[in-house]
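Q: Sharing a structure with you now.
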Amino acid sequence: MTKNVGGIDRIARIVLGLALLLGFFLNDEGAYRWLYLLGLPILLTGVFQTCFAYKLLGLNTCPMKK
């Protein structure tokens, strides 16, 4: 797979994904607790630098290779 997530976008995805997963484990109550699990795909797109939605839209935030 080609990498299409880079720079600040990657850092933001990792931080947001970790924050949401942390919220899942720290929040014991609430009917919408499962929404914190949306942090998992966000985290994985940041770690692996590949986003399926970006691929569909033709976007790329990785720096250009020289």
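Please treat every number below as a calculation from the coordinates, not as lab data. Predicted model only: the values in this text are computed from it and were never measured. Every residue, glycine as well, gets a Cβ built from its backbone with ideal geometry; the counts of neighbours run over all protein chains shown.
Q: Which chymotrypsin sites (Phe, Trp or Tyr not before Pro) in the stretch 22-64 pass both tests, a DSSP loop state and at most 10 other beta-carbon atoms within 10 Å?
A: Listed in order of number, the matching sites are Tyr32.
Q: If you wrap a convex hull around the C-alpha atoms of the chain and split its volume per residue, what is the figure in Å³?
A: 80
Q: Test of understanding: what is the full-extension gain from Cys62 to Leu16, defined as 0.36 nm times their sequence separation minus their Cα-Cα distance?
A: Gain on extension, Cys62 to Leu16, equals 14.7 nm.
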